[in-house]
Amino acid sequence: MKRVMLSTGGGDCPGLNAVIRAFVKHANQSGKWEVLGCYQSFNGLLMEPTKLIPLTPASVSGIHVRGGTIIGTTNKGGPFAWPVKRFDGTWETIDRSDEMVKKCEILGIEAVVSIGGDGSQRISMALYEKGLPIIGIPKTIDNDLAATDMTFGFQTAVQIATDAVDKLVTTAASHNRVLILEVMGRDAGWIALNSAIAGGAEVCLIPEIPYDVNIINIVINERISRGKNFAVIVISEGAKPKDGCVSQIINDEIGYENVRLSGAAVRLKEELKIAGCQLDIRETVLGHLQRGGIPLAFDRIISAQFGTKAFELVENGQFGNMVAYRYPNIVSVPLKEVISKMNFVDPNCNLVETARGIGICMGDSSIY
C-alpha cells in the first residue's frame, strides 16, 4: 500500500474539509493508497512524536458541510522557519526542510498534497526543488492566486460579507450614521469589491486603489444634500490612503512572518472626522467570521473537483503542479507559474467599472 500525506496550511477556509473528503474517497477507490493527514500544516511531521492522522472514508464521512479543517492548520512555523527557543529565552528560526524530506522517505510517504494559498505554495515549490514529490491545491478566501480563476472559500467569504452589508444598511439608515465594514483582503480587494456591489454600499476601498478621504467626505455630503443621511463603506484591511501606508500592528508571534494588519476601519473613521464628516461614524470589523461556517454549494463543488483532480495528479506522478480552475475545466499548473504572479484587482477591470457605474465611490473620484 502506497502512502500519501495531506496538509492544510495558512488560514482556515470554508471548503477545506470538502477537499479532504473528495481526495480520500477518490484514493479509496483505487485501493492502492493509504491517506495520512499531517497535523497543523507540515508541523505534525516535524513534531516529536510525529502527529499524522489516518484519513479513511469513515473518518471523512459528512465533513464536506463543515467549516475549518479536521487535521488542523497554522501559519506559524513550517519546515523552513521552525521556531526554536534559545537558552537565554529568546527565539530563532531554523531550516528543517531537509529533515522533513528525509522523514517522508523514512515513513514511506510517496506523495504530499499541500492545500494552501500563496505562502503555502511557495513552500511547496521549495520542497519540490529539494526532491519532495508534492502537489498543490489552491486555498485562499482572498482569491489572490492568478493561476486559478477561482479559489474555494472565496464565494462563502463574499456571502458572509454581503450579509453583513445588508444588516448594516438598515441600522445605518435607522441611526443616520456612516457605518464602516472592514473585511479581509491584505493585498487584493476582491472580497470588498464583490460584497460592496452585492450589498449596495456607497463606498468601496481596496488595496489597489489608494483613497482620498476628502473625496469620500464629499460623497457623504452629496448624499446628505439629497436627503440620504446615512452611508455604508466597505474597506479591505489592506486599503490605504493616498501617500499613506496600510494599518498594521507590531507582531510578536513566534514563527509568524506575515505583517499583522489591523485598524483600517478605525483609521478611516478618524480621518473622516478630521475631514469634517457631519454624521456619526461607527466601524465593524468582520474578521475571522469570514473564514468560518458552512461552505456554500459552489465552494463544496469546486473543492470536490480540486480534491479528485489532485489525486489523479498523484496517481499519475505529475508532481510539482497545482490543480486550478480554468473555466469550465479543472487543470494542472506548474508551481513555478503559480507563485510568479498574484491576482490583484485591476483598477480598470469590468468589476470596478460596474461598481462605478452603479454609483459606488472607489475613493479616488467623487464622480462615479
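The values are calculated or read from the model by the stated rules, or taken from the named source; none is laboratory data. Computed from a prediction, not measured in an experiment: that's the story for all the values here. Because the Cβ atoms are built from the backbone with ideal geometry, glycine has one as well, and the counts that use them run over all protein chains shown.
For this structure, a couple of remarks:
- Picking from residues in the stretch 185-210 that are within 14 Å of the chain's Cα centre (by Cα) and at pLDDT 95 or above, the one that is nearest to Leu296 (Cα to Cα) is Ile191.
- Residue within the stretch 49-62 that is at pLDDT below 95 and not polar (S, T, N, Q) present: yes
- Ala111 being assigned by TED's automatic domain parsing to the domain that holds Phe23 and either buried (at least 24 other Cβ atoms within 10 Å of the Cβ) or farther than 30 Å from Glu270 by Cα (or both): yes
- Candidates Ile191, Ile135, Ile180, filtered to the one that is over 25 Å from Ala231 (Cβ atoms) and touching a residue at least 40 places away in the same chain (Cβ under 8 Å): Ile135
- Every listed requirement among (1) in a helix (DSSP H, G or I); (2) crowded, with 19+ Cβ neighbours inside 10 Å; (3) touching a strand residue (DSSP E or B) at 6+ places or on another chain (Cβ under 7 Å) is met by Gln155 save one, (3).
- Test: residue in the stretch 76-85 that is under 13 Å from Gly9 (Cβ atoms), assigned by TED's automatic domain parsing to the domain that holds Leu6, surrounded by fewer than 21 Cβ atoms within 10 Å (Cβ to Cβ) and basic (Lys, Arg): yes
- Ile106 buried (at least 24 other Cβ atoms within 10 Å of the Cβ) and either modelled with pLDDT under 95 or assigned by TED's automatic domain parsing to the domain that holds Asn316 (or both): no
- For Thr308, the stated conditions hold: it is of a type outside the set (Asp, Glu), modelled with pLDDT of 95 or more and assigned to a helix (DSSP H, G or I).
- Val65 being under 22 Å from Ile160 (Cα atoms) and either assigned by TED's automatic domain parsing to the domain that holds Ala111 or under 26 Å from the mean Cα position of the chain (by Cα) (or both): yes
- Of the candidates Ile235, Ile218, Ile160, Ile134, the single residue that is outside the structural domain of Met100 (by TED's automatic domain parsing) and touching a strand residue (DSSP E or B) at 6+ places or on another chain (Cβ under 6 Å) is Ile235.
- Only one of the numbered conditions (1) farther than 17 Å from Ile115 by Cα; (2) buried (at least 16 other Cβ atoms within 10 Å of the Cβ); (3) β-branched (Val, Ile, Thr) is not met by Thr50, and that is (2).
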